[in-house]
Amino acid sequence: MTDEPAAPASRTAGSQTLARGLSVLKMIAASQQGMAIQDVADQLGVHRTIAYRILNTLSDSALIHRGDDNRYRGASGLLALAGAAHSAMRAAALPVLTELAEQLQQTVSLLVKEGSDAVALAVVEPRHLTYRISFSEGSRHPLNRGAAGHAISSCAAPTDHDAEPVREARAKGYSLTYGEVEPNMFGLAAPIQGEAWGSAACVNLITTRKELAENAIPAIIEAAARIASRLA
């Protein structure tokens with residue numbers, strides 16, 4: 001009798017556990033109230049002990065934290081992941097934004113969701129400007145105001161509580177507003193659709209000229225689609 005060689009380890013060994021862990025991380029990151037162990041078990045369709053092991057692993061990596069109310073929420077480890085995602089998105093967006101700024105001869109920007117705000121991650125100006133609208137990287141405003149806020153909010157799955165501008169942005173593929181963030185300014189933004197980068201975002205234009213904003217709609221939508229494809 002000869003010994004048979006051991007079967008090679010499966011290339012997908014542990015993949016189910018990894019997939020479950022990633023699912024739990026996404027669920028907790030998206031939950032405003034945090035999640036209890038039983039909540040996680042129910043959504044995964046697994047026994048409570050399996051959910052507990054996954055939560056412990058994520059806690060040990062400082063990706064989630066168990067509060068005094070025994071509910072799990074995102075922890076400091078997520079900041080590094082968010083920073084990496086933002087870096088990749090910025091790198092993918094800059095060439096597209098540079099072309100767009102030259103095409104429109106206007107300042108354009110990439111905004112991302114951070115908590116309840118829309119934050120400018122990148123701002124690109126054309127090389128030859130006749131006038132400049134002051135807008136800097138790091139600028140922020142609430143998600144419930146302005147074209148960028150509505151476009152970013154439209155990236156989420158529809159709910160019965162969505163504001164009308166968010167519904168319109170989701171249906172049209174863009175949002176056009178006037179005076180919601182800055183007086184006498186038109187805002188135009190198109191959502192960057194997809195989940196590969198883990199953060200809702202949009203391409204944005206601010207101008208004093210209504211006709212320029214309206215004429216720029218196709219270009220803004222196309223730029224958002226190009227950025228999404230570069231990130232996919």
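The values are calculated or read from the model by the stated rules, or taken from the named source; none is laboratory data. Source: prediction; values computed, not measured. Note that we place each Cβ from the backbone using ideal geometry, even for glycine, and neighbour counts take in every protein chain shown. The accessibility values were calculated without ligands, DNA or RNA, using every heavy atom of the protein model including side chains. Shrake-Rupley method; radii C 1.70, N 1.55, O 1.52, S 1.80 Å.
Tabulated data
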quantity	calculated
Residue order for H86, H161, H47, H150 - accessible surface, 1.4 angstrom probe, largest first	H161, H47, H86, H150
Hits among aspartates and glutamates - C-alpha to C-alpha of K210 under 15 Å, sequence gap 8 or more where chains match	E180, E182
Å² of accessible area per residue within the range 33-189, as computed with a 1.4 Å probe and no ligands counted	54 Å²
The range 109-232 - Rg (one decimal) and Dmax (whole number), Cα, Å	13.5, 45
Stokes-Einstein translational diffusion, the range 184-223 - Kirkwood Rh over all Cα pairs, 1.306 mPa s, 10 °C, in µm²/s	145 µm²/s
Calculated log₁₀ intensity ratio I(q)/I(0) where the Debye formula runs over C-alpha points of the chain, q = 0.14, 0.17 Å⁻¹	-0.90, -1.15
Within the accessible area of the chain (1.4 Å probe), percent carbon and sulfur	52 percent
Reachable lysines, given that their alpha-carbon falls under 21 Å from the alpha-carbon of K26 and they are not under 8 places away in the same chain	K113
Relative contact order (percent, whole number), the chain, Cα cutoff 8 Å, 6+ residue spacing	14 percent
Accessible surface, 1.4 Å probe, highest first, among residues D60, D68, D42, D117	D68, D60, D42, D117
Around A41: net Lys/Arg minus Asp/Glu count, Cβ-Cβ under 14 Å	+2
